[in-house]
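The values are calculated or read from the model by the stated rules, or taken from the named source; none is laboratory data. As the structure is a prediction and not an experimental result, all values here were calculated from the model. Glycine gets a Cβ as well: all are built from the backbone with ideal geometry, and neighbour counts include every protein chain shown. Quick note on the areas: whole protein, heavy atoms, side chains included, nothing else; ligands and nucleic acids left out. Shrake-Rupley method; radii C 1.70, N 1.55, O 1.52, S 1.80 Å.
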Amino acid sequence: MHVDISEVRCALQDERVLPFFQPLVDLRNGQLVGVEILARWQSAEFGPILPGNFISLAQENGLIDSLMSQVLGKAAISASILPAPLVLATNISPIQLRDLSLPNQILHIVERSGFPLDRLTIEITESALIDNLDRTQTIARELKAMGCKLALDDFGTGYSSLGHLQALPFDQLKIDKSFVQSMTKTRESRKIVAAIIGLGHSMGLTTVAEGVETEEQANMLLWLGCVQGQGWLYARPLPADRLPELIAAPPRP
Ligand code: C2E
Ligand code: CA
Ligand code: CA
Ligand code: CA
């Protein structure tokens, strides 16, 4: 699909980029732990368009703050029906970590909705951390001071991750779905997943597995000691009007 920046700009102007929500579950019983916001562009022409087609364009053209403001703003309002202790997780683009005003932006966006900041998780990808660790530390500390939790997203796929784990106040490690999906096929990736989970435990971090598609994967993760996950086995990302039924759903056996 070829997307032009002017189309992204229009989509934002017309508020056609919306938050979808993917449940984050306790793998032991399928109980809802929270939801991750995933942006979806509802195009009149093409239907829903995935973030891979527009997030980096928005980043490169100075539109990422406006995208966050719309998507997180709407998401926080919809998520205000989530009872404690359910969390709301949002993705941040690498380029946003260069901007010292990020914590304040998030504060203003979320404050308006009344959603509590201490149930907001900010997901950061490893690639974001390379270019300016000092600034990232400042931003990370400020987010933590606001009560937010920090997650290191796509763990294992980036660069020099161990140093970052030490330097930044993370609460959570997200195991990239590429490992989760090859884990049941090769011993090597199973060992990598086991090592990530062990590392998380020893550093006092929650490990969350992404891309859980099969019972076999869920069982292996549990066996390895990972208790939180998300993936198509539980649910695809859903629009805001499906949040009530996610909250009401009974735990799975
Ligand atoms: P991510 O944060 O790593 O999100 C996980 C991706 O895996 C999502 O792709 C999700 O739809 C997909 N996924 C979830 N469960 C499964 C599964 O069981 N199997 C498989 N194969 N895939 C699964 P999506 O929605 O296309 O988002 C792609 C990336 O775009 C995200 O990766 C995130 O980095 C970024 N992104 C999404 N929404 C936003 C946003 O609002 N702002 C920013 N800055 N980035 C966003
Ligand atoms: Ca994420
Ligand atoms: Ca990820
Ligand atoms: Ca990713």
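Pick out the one residue from THR206, THR184, THR138 that is in contact with a helix residue (DSSP H, G or I) (Cβ under 6 Å, 6 or more places away or on another chain) and hydroxyl-bearing (Ser, Thr, Tyr).
THR184
Residues in the range 148-198 that are closer than 20 Å to LEU120 by Cβ, touching a Leu at 6+ places or on another chain (Cβ under 8 Å) and open to solvent by 30 Å² or more (accessible area, probe 1.4 Å): how many?
3
Residues in the range 121-129: is at least one more than 13 Å from ligand 1 (Cβ to nearest atom), modelled with pLDDT under 95 and not charged (D, E, K, R)?
There is at least one residue in the range 121-129 that is more than 13 Å from ligand 1 (Cβ to nearest atom), modelled with pLDDT under 95 and not charged (D, E, K, R).
Residues are listed down the side, and each one gets a yes or a no for (1) assigned to a loop (DSSP other than H, G, I, E, B); (2) open to solvent by 60 Å² or more (accessible area, probe 1.4 Å); (3) of a type in the set (D, E, K, R):
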site: VAL208; (1), (2), (3): no, no, no
site: TRP223; (1), (2), (3): no, yes, no
site: ARG236; (1), (2), (3): yes, yes, yes
site: ASP241; (1), (2), (3): no, yes, yes
